[in-house]
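**Student:** Submitted below is the structure of interest, expressed as structure tokens.
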Amino acid sequence: MDREHAVAVLRKVIAYCPAQKLNDDSRNAWAEALTNVTFQDALDAVAILGGRPLEPGDQLWIQPGHVISEVRRLRHARIESTEAALTGAPTDPAEYLAWLRRSRSELGDGDYQPPDVAVTGHTIAELPTPGRTIHHD
């Protein structure tokens, strides 16, 4: 994420946590910490963190590490919910590992595009997932 987007995330944090300060140091720190986080994931993470209930009198503080942790949870949930639908794995071990890393990254980013039905013979909805198998007639 670039500095401009990191500052936008920080502004959203401050909307949830008015006591947190926006200055050059905080802008730089957030931009540095969120380098490997996508803008939308960070915004989603802040909304989740900011929406958690607090005890009366407690004050919410959201730090970059909280956002990164929540983004990891979001990415993991995306991967877990769709990984069983991956198709087209190469048989060569080195190619398989590269394919798996790329596919998991795409799943985590929400960018995975399944192979065409002509290649697999199944639509994504028909692919086996935990608790569901393909029945051949």
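**Student:** Per 0.36 nm of contour for each residue apart, how much would the distance between A77 and R101 grow if the chain were fully extended, relative to their Cα-Cα spacing? If you can, show how the numbers build up before the last one.
**Tutor:** On the way: separation 24, 0.36 × 24 = 8.64 nm, distance 1.60 nm.
Computed gain between A77 and R101 is 7.0 nm.
**Student:** Given +1 on the Cβ of Lys and Arg, -1 on the Cβ of Asp and Glu, and no further charges, what dipole in debye does segment 1-106 carry about its Cα centre, rounded to the nearest 20?
**Tutor:** Values: 13 positive and 15 negative charges, 23 e Å.
It comes to approximately 120 debye.
**Student:** Apply the Karplus curve 6.51 cos²θ - 1.76 cosθ + 1.60, θ = phi - 60°, to the phi angles in segment 43-59 and return the couplings in whole Hz, x for Gly and Pro.
**Tutor:** Once θ is set to phi - 60°, the couplings for segment 43-59 become 4, 4, 4, 5, 4, 5, 5, x, x, 6, x, 10, 6, x, x, 6, 10 Hz.
**Student:** Taking all protein chains together and a probe of 1.4 Å, list Y112, Y16 from the most accessible to the least accessible. Could you put the intermediate results ahead of the total?
**Tutor:** Numbers: Y112 40, Y16 85 Å².
Result of the area sort, largest leading: Y16, Y112.
**Student:** What list of ³J(HN,Hα) values in whole Hz, one per residue of segment 65-73 in order, does the Karplus curve 6.51 cos²θ - 1.76 cosθ + 1.60 (θ = phi - 60°) give from phi, with Gly and Pro shown as x?
**Tutor:** Working through the residues one at a time gives x, 5, 5, 4, 4, 5, 4, 4, 5 Hz.
**Student:** Still on this model: Nearest 0.05, what FRET efficiency do D44 and A94 give at R0 = 25 Å with Cβ-Cβ as r?
**Tutor:** Details: r = 34 Å, r/R0 = 1.37.
Working from the Cβ atoms, E equals 0.15.
The values are calculated or read from the model by the stated rules, or taken from the named source; none is laboratory data. Owing to the predicted nature of the structure, the values given are computational and were not obtained by experimental measurement. Quick reminder, even Gly has a Cβ in these numbers, built from the backbone with ideal geometry, and neighbours come from all protein chains shown. Side chains included, ligands, DNA and RNA excluded: accessible areas come from the protein's heavy atoms. Shrake-Rupley method; radii C 1.70, N 1.55, O 1.52, S 1.80 Å.
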